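The values are calculated or read from the model by the stated rules, or taken from the named source; none is laboratory data. This is a predicted model, so every value here is computed, not measured. Cβ placement follows ideal geometry from the backbone for every residue including glycine, while neighbour counts extend to all protein chains displayed. Ligands, DNA and RNA are excluded from the accessible area calculation, which covers all protein heavy atoms including side chains. Shrake-Rupley method; radii C 1.70, N 1.55, O 1.52, S 1.80 Å.
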Amino acid sequence: MSFRSLLNKRCDIEQVSNSQDDYGTPVETWTKRHDQLACRVVPLTGTEQAIFDRDSVRSTHKIFTQYKSGIITADRVLFDSDYYQIHLVRNPG
C-alpha cells in the first residue's frame, strides 16, 4: 500500500498575516496556503509529548499530508471545521 493511498481526507493549510485596523489594533487574517490537500488525520490515543526548545507541547492529533514546500509551524490546519495548530513539520522522505 502506498503512502498516498493512506491520505483519505482533505484539509486546508492556512497562513497568518498581521495587520492593523484603523485604530492601530493588531488584526490576524488567515488565508489559504494550500487548498484541499490530501491528508490523513490520526487522533492520538494518549498524550504524546514533545520537547522543543524547553517548551512542552501536548498534541491531540497527527496529520499526514503529501509534501508541499513552505508549510511552517506558524500555519494551521483546517479539517472538518476544526483548526489545528502546527507544532512540528517533518519530511521523513
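Residue check: is ARG58 open to solvent by 100 Å² or more (accessible area, probe 1.4 Å) and either modelled with pLDDT under 90 or part of a strand (DSSP E or B) (or both)? Criteria met by ARG58. Collect the residues in the stretch 1-36 that are more than 15 Å from LEU78 (Cα to Cα) and among the β-branched types (Val, Ile, Thr), keeping them in residue-number order. THR25, VAL27, listed by residue number. In the stretch 6-27, the count of residues that are among the aromatic types (Phe, Trp, Tyr) and surrounded by 14 or more Cβ atoms within 10 Å (Cβ to Cβ) is zero. Inspect the stretch 39-48 for any residue being over 28 Å from SER2 (Cβ atoms), open to solvent by 50 Å² or more (accessible area, probe 1.4 Å) and modelled with pLDDT under 95 and give the result as yes or no. Yes, some residue in the stretch 39-48 is over 28 Å from SER2 (Cβ atoms), open to solvent by 50 Å² or more (accessible area, probe 1.4 Å) and modelled with pLDDT under 95.
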